[in-house]
Amino acid sequence: MSDIVFNALEHQTLAHLNKVQVMGILNVTPDSFSDGGKFSNIDDALKQVELMLENGVDIIDIGGESTRPGAVDVTTTDEINRVIPLLKAIKSRFDISVSIDTSKSVVMDEAISCGADMINDVYALQNSGCIDVIAQSDVSVCLMHMQGKPRTMQSNPHYKNLIEDIINFFKQRIHCCEQKGINKERIILDPGFGFGKTLAHNYQMLAQFPLFKQLNLPLLAGTSRKSMIGNLLKREVDERLAGSLTTAVVAVQQGASIIRVHDVKETVDAINVLKAIAEQIN
Ligand code: 7PJ
């Protein structure tokens, strides 16, 4: 019977499932697509952090620069003013890992000196000065794959071989990091759902997600409320929970170690159900 029941889970060890971390998104941009403007004052943002903590979040990911398709650029000063006071406020009140979603070396540097545990860079440290700032620190870094730039990335993305192209990009970025003295233990990889990908590309990445495991690094998946769900189901942003949970569960089954989400409570529940099933296998 085990052949037909939850085949995907057979290859998933319980040890992996028990290490999966839920990263809660805290956007402090006025124009973010799903929660834009909601948490731009510190008190509201701290309440949201408290709620996420009650619901079992492992990492808070603060983003002060919207990277959604077509988003406008944010100045370094504006980004620092949005992110740093909140980072300090969280670190002084709560015992929680904080990641900063930024692509600017100055923001990274300031965030690291204010206690950030991780830098999450959708440009994979390719912008000027970023790799050096990380090299001089001891924080973890998430290297995400993106084809093109946010403003134009969704106009006709094209790959020779999607998965191979992404893996080659990862290899090149890992090599650059190692050359600068950033060791592999600090690196997390993310194929970048929605970043220069068609609808089919996004689902192919999820279906073939285990291929990314060949690099032997933890994998992060961020599909929460994205248009890969909205466009498939014809759902507005506030109607994408079922789709988001499905992709989160499948990503975990396929080997993701960190799941980046808006809906922490529901995602933690879904992963706990998956764990209970996995415990009964074998
Ligand atoms: C991602 C991200 C993602 C990582 C955003 C959104 C757009 N960082 N930052 N992975 N997406 N590592 O949340 O829809 O997928 S911003």
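The values are calculated or read from the model by the stated rules, or taken from the named source; none is laboratory data. What you see is a predicted model, and the numbers here were worked out from it, not measured in a lab. Counting neighbours? That spans all protein chains shown, and the Cβs are built from the backbone with ideal geometry, glycine included. Quick note on the areas: whole protein, heavy atoms, side chains included, nothing else; ligands and nucleic acids left out. Shrake-Rupley method; radii C 1.70, N 1.55, O 1.52, S 1.80 Å.
Each row is one residue, and each column tells you yes or no for (1) among the β-branched types (Val, Ile, Thr); (2) over 14 Å from the mean Cα position of the chain (by Cα); (3) not in a loop (DSSP other than H, G, I, E, B).
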residue	(1), (2), (3)
THR247	yes, no, yes
ALA251	no, no, yes
GLU266	no, yes, yes
ASN272	no, yes, yes
ALA278	no, yes, yes
Condition (residue is open to solvent by less than 10 Å² (accessible area, probe 1.4 Å), touching a strand residue (DSSP E or B) at 6+ places or on another chain (Cβ under 6 Å) and modelled with pLDDT of 95 or more) applied to the range 260-269: is it met by at least one residue? yes
Take the range 106-152 and flag every residue that is open to solvent by 30 Å² or more (accessible area, probe 1.4 Å) and among the polar types (S, T, N, Q). SER113, GLN126, ASN127, SER128, GLN136, SER140, GLN147, THR152
If you take just the helices (runs of 4 or more DSSP H) that sit entirely in the range 18-125, which of them hold at least 2 residues that are touching an Asp or Glu at 6+ places or on another chain (Cβ under 6 Å)? 76-93
On the given criteria, is ASP101 charged (D, E, K, R), closer than 20 Å to GLY222 by Cα and open to solvent by 10 Å² or more (accessible area, probe 1.4 Å)? yes
Scan (1) open to solvent by less than 70 Å² (accessible area, probe 1.4 Å); (2) out of contact with any Asp or Glu (no Cβ under 7 Å at 6 or more places or on another chain) for the single condition LEU220 breaks and write down its number. (2)
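Each row is one residue, and each column tells you yes or no for (1) in contact with a helix residue (DSSP H, G or I) (Cβ under 9 Å, 6 or more places away or on another chain); (2) over 27 Å from LYS226 (Cα atoms).
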| site | (1), (2) |
| --- | --- |
| VAL122 | no, no |
| ASN127 | yes, no |
| VAL133 | yes, yes |
| VAL139 | yes, yes |
| LYS149 | no, no |
| TYR159 | yes, no |
| PHE169 | no, no |
Taking the range 212-233 and keeping residues of a type in the set (Val, Ile, Thr) and over 15 Å from the mean Cα position of the chain (by Cα) leaves ILE229
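Per-residue answers, yes or no, for (1) in a helix (DSSP H, G or I); (2) open to solvent by 40 Å² or more (accessible area, probe 1.4 Å); (3) under 18 Å from VAL133 (Cβ atoms); (4) not aromatic (Phe, Trp, Tyr):
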position: ILE166; (1), (2), (3), (4): yes, no, no, yes
position: PHE169; (1), (2), (3), (4): yes, no, no, no
position: ILE188; (1), (2), (3), (4): no, no, yes, yes
position: GLY192; (1), (2), (3), (4): no, no, no, yes
position: ASN202; (1), (2), (3), (4): yes, no, no, yes
position: MET205; (1), (2), (3), (4): yes, no, no, yes
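Would you mind stating whether LYS184 is away from the ligand (no atom under 15 Å from the Cβ), open to solvent by 50 Å² or more (accessible area, probe 1.4 Å) and closer than 20 Å to ILE59 by Cβ?
Yes.
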Do you know which of the residues in the range 62-80 that are surrounded by fewer than 12 Cβ atoms within 10 Å (Cβ to Cβ) and of a type in the set (S, T, N, Q) is nearest to the ligand (Cβ to nearest atom)? THR75
Out of everything in the range 128-172 that is without any contact (Cβ under 8 Å) to a residue 40 or more places away in the chain and within 15 Å of the ligand (Cβ to nearest atom), what residue ends up being farthest from THR67 (Cα to Cα)? CYS130
